[in-house]
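The values are calculated or read from the model by the stated rules, or taken from the named source; none is laboratory data. For clarity, every value in this text was computed on a predicted model and none was experimentally measured. All Cβ positions, even for glycine, are placed from backbone atoms using ideal geometry, and neighbour counts span all protein chains on display. Heads up: the accessible areas ignore ligands, DNA and RNA and are worked out on the full protein's heavy atoms, side chains in. Shrake-Rupley method; radii C 1.70, N 1.55, O 1.52, S 1.80 Å.
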Amino acid sequence: MDPNLAPWMAYLLTVLPGVVLVGVVVALLPRESHGVRIMMLILGFIFARDAMTTHGLWEFGRVGGTGASADASAGPMAGTGSGLGSGADPGTSAMGGTGELPTLWLRFTDDPLALLVMAVASLVLVAAILWACRDLRWTVLWTGRRWWASVLVGVLGGGLIVLPFLYLYGTLGQWIPALHSVAPALTMPVVPVEHRGGAVAGGVLVVLVLFALCGNLVEEVLFRGFLQAHLEDQLPGRTGRWRAALLSALLFAAGHLFLAYNLTGLGWPIIAFTALEGLVCAVIALRHGVLGATVAHAGAIFVLASGLI
């Protein structure tokens, strides 16, 4: 087998039994068990997503902070020169040597074929989810009144998610030079890209955009499409929609607990990041639907994984 095909073939073969099991359970559930069906689909997605870590298809790391996992990358391919991030320099901290806050970074595999296959697999998974929840599709808000406005709001939301990373990476002053004189407290020493995952080849970026859109579409269909809509139905009243949005964000963050504490050992920085990400996407979804939330989610993941900031 072509060595470039081996990682994603191994991944697909690994997740196939679990995906089939979830599909059988969902098929056997009573049609009125909407909540259980949605949560089973989310459970299956979390299983498939987290398996990417053990197969080296993505990698998290952190620079700075304290604890056993600080100043190191996390994941089975960390520091191996596999094309993912080469890991952080143990002598470098996120805060220019102070180590006050950990700086989280993310990289995907640099194999365009693997990214393309996972993008196509994500679209297949979306189709399967829509079929499994075909009687609930009418509850989902797919876009706002104007699709282009939903896209624009999504882009702004993605920027909001990324904003704390500009501060932690020390690149906020590079993007907004006036801050050096107006608000020097908002500018930090720059963490070199080599210490937070490494540079990403330009030829991978186009496929990375496609994968970010397709992969995060799955999460947004599940969490903001079906789950948030289901919670809105269960939480009537003036505050029901906002409580549903908050719950979808918190459940989204909770869905990363195993990844944060067991697979990577990076802990609370991943939970904090996904809570912010989930909250921004949930609020956007209230008026701009799955489209707006997907653009925000995918845009943030792409920017972080591309090394462009």
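Results, tabulated for the structure shown:
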item	result
Members of the range 36-63 found to be in contact with a His (Cβ under 9 Å, 6 or more places away or on another chain), closer than 19 Å to Leu125 by Cα and not charged (D, E, K, R), listed by number	Ile38, Ile46
Filtered residues of the range 23-36 (kept if in contact (Cβ under 8 Å) with a residue 60 or more places away in the chain, in a helix (DSSP H, G or I) and over 24 Å from Leu13 (Cα atoms))	His34, Gly35
Search result, residues across the range 166-175 that are free of Cβ contacts under 8 Å to residues at least 40 places away in the same chain and open to solvent by 80 Å² or more (accessible area, probe 1.4 Å)	Gln174
Any hit, the range 121-141, residues being among the β-branched types (Val, Ile, Thr), in contact with a helix residue (DSSP H, G or I) (Cβ under 8 Å, 6 or more places away or on another chain), modelled with pLDDT of 90 or more and open to solvent by 40 Å² or more (accessible area, probe 1.4 Å)	no
Pick from the range 24-42, criterion among the β-branched types (Val, Ile, Thr) and in contact with a helix residue (DSSP H, G or I) (Cβ under 8 Å, 6 or more places away or on another chain), ranking: surrounded by the most Cβ atoms within 10 Å (Cβ to Cβ)	Ile38
Selection status of Ala253, modelled with pLDDT of 95 or more and over 14 Å from the mean Cα position of the chain (by Cα)	no
Unique residue being out of contact with any helix residue (DSSP H, G or I) (no Cβ under 9 Å at 6 or more places or on another chain) and either in contact (Cβ under 8 Å) with a residue 60 or more places away in the chain or not charged (D, E, K, R) (or both) when the list is Gly158, Gly265, Gly255	Gly265
Single unsatisfied condition, Ala260 versus (1) open to solvent by 10 Å² or more (accessible area, probe 1.4 Å); (2) in a helix (DSSP H, G or I); (3) without any contact (Cβ under 8 Å) to a residue 24 or more places away in the chain	(1)
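Rundown of residues vs (1) within 22 Å of Ala260 (Cα to Cα); (2) outside any helix (DSSP H, G or I); (3) modelled with pLDDT of 95 or more, yes/no style:
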| site | (1), (2), (3) |
| --- | --- |
| Met95 | yes, yes, no |
| Thr98 | no, yes, no |
| Leu104 | yes, yes, no |
| Val117 | no, no, no |
| Trp148 | no, no, yes |
| Gly173 | no, no, no |
